[in-house]
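No lab work stands behind these numbers, since they all come straight from the coordinates. As the structure is a computational prediction, the values presented were derived from the model and not from experiment. Positions of Cβ are generated from backbone atoms using ideal geometry, with glycine treated the same way; all protein chains shown enter the neighbour counts.
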Amino acid sequence: MKPAANPQTGDTTKRNKRWVYLSLAPVIIVFLALSAFPVLNLLGLSLFKVTWQDGSAIYDFVGMENYKYLFNEEEIYWAGVRNTLIFAVSVVTVQMLLGFTMALAVMRAGSFGRPILTGIFLLPIVIPPIVIGTMWRLIMGREFGLINGLLSMAGLPTVDWLGNPDIALGSIMLVDIWHWTPFVFLLMLAGLESLDTEVLEAARLDVTSFWQEMRHIVVPMMLPTIVITVVFRIILSFKVFDEVYLLTSGGPGTSTEVVNFSIYRVFFSQDRVGDGSAMSVVTLFAVALMIIVANGLIQRRSGNKGGEE
Amino acid sequence: MAEVQLNSISKSYGATTVIDDLDLTIESKEFVALVGPSGSGKSTLLRIIAGLEDISGGTIQLDGRDVTHIDPSDRDMAMVFQSYALYPHMSVAENMTFALRMRKAPEAEVQKRLDQALDILGLRGFEDRKPGQLSGGQRQRVAMGRAIVRQPSVFLFDEPLSNLDAKLRARTRLELRELHDRLGATSIFVTHDQIEAMTMADRIVLLDGGKIQQVGTPKDIYRSPANRFVAGFIGSPEINILTGPLTRDGDELKLNQINLPASKARLKQLEAAGSIGKDVELGIRPEHFEVLKSANDGSLALTVDAIEFTGQDVFVVGQAEGANITLRMDLRRDGKLAESLARGTVLHLAPTKDNWHIFDIDSGLCLTRG
Amino acid sequence: MSVRRLSAGRLFSNTLVWGYAFLILGPMVWVLSNAFKFQIDILTGKIFAPFTWRNFEQLLFSRQSNFLANLLNSAIVATASTLIVIVIATMAAFTLARLKMPDWIRWSVLGWALLFHMLPTLTFVGSWYQMFAAVGLHGTYFALIATHVVFNLPMALFLMMTFVTALPEDLIQAARMDGCSNGAMFWRIVMPLVRGGLIATSALMFIFSWSDFAIALTLSSTDTMTAPVAIATYAQEYEIRYGEMAAGAAMSMIPALTLILVGQSFVVRGLLAGAVK
Ligand SMILES: Nc1ncnc2c1ncn2[C@@H]1O[C@H](COP(=O)(O)OP(=O)(O)OP(=O)(O)O)[C@@H](O)[C@H]1O
Ligand SMILES: [Mg+2]
C-alpha cells in the first residue's frame, strides 16, 4: 500500500548540492566571462601599444608607458575627470534639494492625482536616455530650438546653449537634473512615507517651528536614506555618457568632456587601444575604490547605530 | 512502527545554545507532546527531527536507521505547521496530493488516498478551492490532510491548533487523537497549551532552556513533578509555593507553622534527603487544601482577595504567609461556603496527606518523588 | 493648524510638483508634436502646424531608412537578453537567498554584482569590443545579447532576491517535507509564487536593454544596429531631419509608455527596491 519510501529522492541531499552549484553556474560564468575577464583583458592591453596593419593588430609590449602618458600628457582625460567631478557633485546636490523639497511638500500637504503624477515622474527614468538627449538637442538647439524660439518671440537675445564653452557644461547638468530629480523625489517620498508616523506626531508636539522640526526630527530620521542616495547617485553619475554623446560630444573644446567620453573617443575614434585600456583601468579602479569605501562607511555607520540602541 | 531516537542532540546559533545535549526516545505509535515556555526550543527540536534544521552534535535514528544526514524529503515524516504553510497557488486537492505526486505514486493510489482524506476531514466539496478561499478551520484541515494522505511513519505537529477558536480547538483535539489511533503512526506534537498536552498525549516531554525537564505520562507529570519548574509549569491555576524551614517533631512535619500530614514513607524520604531543618520550597496544588471550620494549630490563614467563578469550580485568590495562594473549591461540595465568601474573609486551610511536594531551594529538584 | 494654512500648504505642494510634472511633460509633448509636423514648420518654429504622418512613413518605409530593422533589432536583443537574464537571475536568486551554501561564494557573487552594477559601462565596452572582435563575433546579435545580459544581471539578481526573500520560510520547509528537492522546489513552488515580481523585473530588464546606447553603439554593426543608435546617427547627419528624429524618438518610447500605463505600481516598487540595494 505504501509506495517505497521515496523512489526518486533517496539521494536528495546529493541532488540538492548539485542544484546549488548548477543554479549559480550560469551567473558565475556570465560574470566571469563578461565582467571579470574584461577587467583582466584591460589590464593586459594597457601594457601594450596596439597598431593596426592590414586589418590585423600588432601588439608591442610597452610596460607602464601608457600609464605614464596618461598621467603626464593626456590632458583631455584630466579635463574629463574634473568635469565629471564638478558635474556629479553639482547635479546630485541640486537633485537632492529639489527632490527632497518636493517629497516633503507632498508628504505634508498631499497632492491631487498621485497615480498620474507618479506616472509622469517615472517617464524620464524609463524612456531611453538617447531619446532624452534627442529631445534636449531639439530644445536647446541654437537656431531652431524651443528655448531660443521662445526667447526671440519675447524679444530677448538667444543663447547658444550647447555651443558656448562657458555654458555647455551647465546645459548638460540641467538636462541631468531634469532627468534624475524625479527619481530622487520618488525615493525620498517612499522614505518619508515609511517613517513611523507616531514618532513624527509625538515629536511634532515638542518643536515650535517648521525648521526645528526639519532639523531635529525629519532630517535625522531620514539621514540613512539620504546618505545612501547621495553616495550612490554620485557614483552612478560617473556613468554619464549618452546625453553628452548626443548633445555636445565633449565639446566645445574640452568644456563638456567627461571621463566616459574620453574613453570612448580614445578607444573607438582614435583606435588607441593601449591608452584606452589604461584609461579604463584607472577609471575602473578609482570608481571601485569609491564604491568600496562608501559601502564600508555606510555599513559601519549602520552597524554602530545598531549597537548603540 | 517508527521509533524515533535522539542521541545527545545539540544545536546552537553561534554562541547561543538552543538545544543542549538532549536524549529522547519516542516509541513507535506513541503520541508525544513537546511542551515548554516560549523560546524553550520546542519548534527547534521538532524541526531537527524533521531534518529542516542542521544540528551541531548528536545523531537521530529512525527505527534504528541513522537519519542524521538524510534530507527531510527522504525521512518519511510529515509536518503540520502552525501557519499551515499551504501552497497558495494550488487547489485543496493539489495541496493534499502534492507530496504523493512528488514521489511519483500511481494515479489510482493518489486518488484513493485523496478520497479517504477528504472524507475523514469533511473537506468534500472543497477540493477545487484555493487556500485563500477557505476559513481558518478549513485551512487547518487541509494542512492535516496534506500530512495524512502521505501515510508517513511519523507525524510532526507544530502548534497546529493555536490559530483556531476555543471551541474548534477542543473538537479538533479529540479528532486528532482519534486520527492518530486510527493511522497507527508516531506523532510528535508541539504545543505551549498544557491542556492540549494533558488531554492528547501518551507522554509529555517538558522542555526548558533547551533541556528536558521531565518525560512522563500526563498523570505522572502532574502528580509527581521532577522539579520546581515542572510543578509550576503544569497545572492551572499554578501550584502554590511557600518557602521556609522544614521541621520535624516526632511524626509531625511542619513548614513554618503549617502542618504537613505525611506518611511514614515520606518522612523517611525527606529524612534521607537531609532536608529536615533546612530551608525548602513547599508546593501545594490549589485543589489539595482542605477548608477547616475554624483555625487550628497548623493551619494556614488565607485572606481572600478575589473570587473567580468558572462554572463548576471556584478559584479563591488571596494572601497567606506573605505569599499569593490560590485555592480551588468544588461548588458541589463546598457550594454553600463558596457563596458566602467575600473580599477580606479569612479561610483556614490544611494541606491533605501527602498531597504536597518539597523542592530543594538551590537545585529545584523534588525531594518527595515516589 | 488652521484650515487656511493647510490649504496654503496644499497649494504650495501642488504647484511645486505639478510645476515639475509640467516641466517633464511640456518638452516631451513638444518634441512628440514635431513628429507630426513637416520639416519646414519645425524649422520656422510653428507651434500649431498641419498634421502629417510623413515622418513616420519616411522613417519606417522609405528606401534610405532602416529604422524598421533597427526597431526589430532592439526588440530581438531586448527580448532575448531579458529571457536569459531573468531565468539565470531567478535561479541564482533563490539559491543565494534561501539555500545553504558556502558563505564566501554567496558574498563573492553579491559583492561583485554590486560593484559591477555601479562601475561605468564605458570602462568595459573597449574590452568587450576587443574580445568579440578577436573571436569574430563583433557586430552579431550574440555580442549584444550577451553584454546586455551581464549588464542587467546585477539588477535582476537584486530584484529577484527581494521577491524570493519575501516568501514565507514555512512554505519552503513544507515543500521540503513534501519531498521537493531544491530544483523541484524552484520550479513548482518558487517560480509560481514570485510570478508578479518576475513580470515586474522582466519589464524593467526589457526597458533597460531597449534603452541601452553605449553598448549598442560600440558593439553593433549596420545589420544589428538598434533603435537608439539609429536615432543618434540621425542627429549627427549634416542636414538633420528633425521630424524623423522626433518620430524615431516617439517610437522608441513605446515600451516605456506601455509599462507606465500597464504596470506603474510594479515599476515603482521594482525601481525603488533596486535603488536601495
Ligand atoms: N535563526 C536563529 N538564530 C538565533 N537564534 C534562534 C534562531 N531561531 C531560533 N532561535 C532561538 O532559539 C530558541 C528556541 O526557539 P524555538 O522557536 O525553538 O522556540 P519555541 O519553543 O518553539 O517557542 P514558541 O513557543 O515561542 O514557538 C529561541 O530562544 C530563539 O530565540
Ligand atoms: Mg515554536
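A few points about this structure:
- Toward the positive end of the charge dipole of the protein assembly as shown, with +1 on the Cβ of Lys and Arg and -1 on the Cβ of Asp and Glu, the farthest Cα among B:A2, C:I189, B:A197 is that of C:I189.
- For the pair B:L183 and B:D220, label points projected 7 Å from Cα toward Cβ lie 2.5 nm apart.
- Other protein chain Cβ atoms within 10 Å, averaged over every residue that makes up C:18-24: 6
- Ranked by how many other beta carbons lie within 10 Å on average, peptides C:99-110, B:19-30 from highest: B:19-30, C:99-110
- Top positive-direction residue, dipole computed over the stretch B:137-187 with Cβ charges, set B:F157, B:T172, B:T186: B:T172
- Highest to lowest packing among B:113-119, A:68-74, scored as the average C-beta count within 10 Å: B:113-119, A:68-74
- Inter-centroid distance (Cα atoms) of the stretch B:107-133 relative to the stretch C:114-150, Å: 54 Å
- Convex hull volume per residue in cubic angstrom - Cα atoms of the protein assembly as shown: 256 Å³
- Global form of the stretch A:14-134, assessed from the alpha-carbon gyration tensor, a/c cut-off 1.5: oblate
- Here each label is just a point 7 Å from Cα along the line to Cβ, and for C:Q236 and B:N355 those points are 9.9 nm apart.
- Rounded, prolate or oblate (a/c below 1.5 giving rounded, otherwise prolate when a/b exceeds b/c) for the stretch A:64-308 by Cα gyration tensor: oblate
- Taking A:L85, A:L104, A:L123 as the candidate residues, the one with maximal mean-square fluctuation in a Gaussian network model of chain A, Cα springs under 10 Å, is A:L123.
- With a 10 Å cut-off around each Cβ of C:129-139, the average count of Cβ atoms from other chains is 2.
- Calculated SAXS-style log₁₀ I(q)/I(0) at q = 0.13, 0.15, 0.17 Å⁻¹ - the stretch C:54-274, Debye, Cα scatterers: -0.83, -1.02, -1.20
- For the protein assembly as shown, the antiparallel share of DSSP beta bridges with both residues in that region comes to about 80%.
- Furthest towards positive pole of dipole, A:M102, A:F267, A:W136, structure part the stretch A:64-308, Cβ charges: A:M102
- The stretch A:34-113 and the stretch B:189-243: distance between their alpha carbon centers, rounded to Å: 69 Å
- Between the stretch C:170-202 and the stretch C:1-71, the Cα center-to-center distance that results, in Å: 44 Å
- Order by protection proxy (mean Cβ within 10 Å, highest first), peptides B:126-135, C:62-71, A:128-137: A:128-137, C:62-71, B:126-135
- Dipole moment magnitude, nearest 20 debye, the protein assembly as shown about Cα centre, only Lys, Arg, Asp, Glu C-beta charged: 1360 debye
- Average beta-carbon neighbours from other chains, 10 Å sphere, peptide A:139-152: 2
- Chain C: DSSP helices with Cα axial extent of at least 30 Å and average Kyte-Doolittle hydropathy no lower than -0.5: C:3-34, C:67-98, C:141-165
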